[in-house]
1. Per q in 0.13, 0.19, 0.26 Å⁻¹, report the Debye log10 I(q)/I(0) for segment 1-87, using one uniform scatterer on each alpha carbon and no solvent.
2. If you restrict to DSSP beta bridges whose two residues both lie in the chain, what percentage is antiparallel, to the nearest 5?
3. Quick one: compute a quarter of the convex hull surface over the Cα atoms of segment 139-204 and quote it in nm².
4. So for segment 53-154, taking the charge dipole from beta-carbon charges (+1 Lys/Arg, -1 Asp/Glu), which of LEU56, LEU122, VAL95 sits furthest toward the positive end?
5. Averaged over all directions, how much area does the convex hull of the C-alpha atoms of segment 32-158 cover when projected, in nm²?
6. In degrees between 0 and 90, to the nearest 10, how far off the longest principal axis of the chain does helix 148-165 point, with axes built from Cα atoms?
7. D for segment 103-149, whole µm²/s, Stokes-Einstein with Kirkwood Rh over alpha-carbon pairs at 25 °C and 0.890 mPa s: what number?
8. How large is the dipole of the chain about the Cα centre if only Lys and Arg carry +1 and Asp and Glu carry -1, each at its Cβ, rounded to the nearest 20 debye?
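No lab work stands behind these numbers, since they all come straight from the coordinates. Treat the numbers as computed from the prediction; the structure is a model and nothing was measured. Neighbour counts run over all protein chains shown; Cβ positions are idealised from the backbone, glycine included.
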Amino acid sequence: MRVFSGIQPTGAIHIGNYLGAIRQWIELQQNYECIFCIVDLHALTVPYDPQTLKDLILEKAIVYLAAGVDPEKSIIFIQSEVKEHTELTWLLNTVTPAGDLTRMTQYKEKSRKFKKNVNAGLLNYPILMAADILLYQTDIVPVGEDQKQHVELTRTIARKFNQRFGKTFKIPEAKLAKSGAKIMSLTDPTKKMSKTDVPENYIGLFDTPEQIKEKVMKAVTDTGKIIKYNPQKKPGISNLLTIYSLFSGRTIKELEKKFKGKGYSDFKK
Ligand code: TYM
């Protein structure tokens with residue numbers, strides 16, 4: 001079975017990327033043929049500085065290695081160095097229903113956020129992602145929840161292509177982490193933690209311990225003061241519980257018990 005996944009070199013990489021995607025990669029590489037890409041062409045759909053982008057690509061390679069992607073077991077590469085990604089994108093463009101693209105949540109969000117730069121690449125972005133995945137006859141795509149919709153579209157595109165031209169592509173499946181598939185923002189726990197939002201919203205993998213402490217202490221919590229996991233009613237503390245649980249290896253139940261009778265500030269410390 002083959003695994004393919006990637007991260008955009010836009011902005012700072014954060015614990016959402018780590019817990020939602022990279023942690024799954026490290027596990028999967030033990031038993032599957034894994035390909036992990038730095039998807040630099042995707043990063044061109046939002047405003048960027050060409051020189052900084054080069055540094056950000058290298059930084060992502062450093063993260064892959066430091067987080068435990070083993071180059072003896074997995075393939076690591078830069079998307080733009082394999083020209084077939086863009087070639088296949090064009091062919092897939094011709095079978096993708098345009099209406100499906102305008103319905104994508106990420107397109108809607110990003111076109112709101114980058115109002116002055118709603119370029120065609122932003123709209124066609126999921127087709128490039130489909131090309132990334134289908135090019136390698138991928139079985140499994142480990143991603144965070146926000147990318148599930150794009151993997152669904154990839155499946156639709158592959159089916160359409162296969163129907164018209166005969167069986168060509170494998171139909172891949174998204175794989176989400178049981179816990180951590182959607183780490184929320186520290187400044188607004190009803191939104192996902194994001195690289196393109198203010199730095200206070202994320203814990204960056206390159207943040208110093210002091211910066212991390214400060215961000216956690218300032219993280220928005222909910223009314224009340226009981227440490228209880230309830231994402232609907234208490235999204236702030238539930239998000240912090242998820243993060244703590246995943247990094248400490250302790251269950252949320254254990255943590256709730258440990259902090260029984262204590263307040264948010266004790267918990268954050
Ligand atoms: P990107 O670069 O935005 O994010 C990289 C990975 O991190 C996951 N992720 C999160 N997981 C949990 N909580 C969060 N707050 C969070 N934020 C991000 C993402 O779901 C993703 O798995 N389009 C993709 C990159 C891509 C790709 C691919 C992925 C391009 N081609 C082919 C898989 C296969 C993206 O923008 O991810």
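1. Result of the Debye calculation: -0.40, -0.85, -1.40.
2. Details: 3 of 18 bridges.
Of the beta bridges lying entirely in the chain, close to 15 percent run antiparallel.
3. Approximately 5.5 nm², given one-decimal rounding.
4. Sorting the options by dipole projection puts first LEU122.
5. On the way: hull surface 32.9 nm².
In nm², the orientation-averaged hull projection of segment 32-158 is 8.2.
6. Helix 148-165 sits at roughly 20 degrees to that axis.
7. On the way: Rh = 11.9 Å.
For the chosen part, D equals 206 µm²/s.
8. Values: 41 positive and 29 negative charges, 272 e Å.
Here the size comes out at about 1300 debye.
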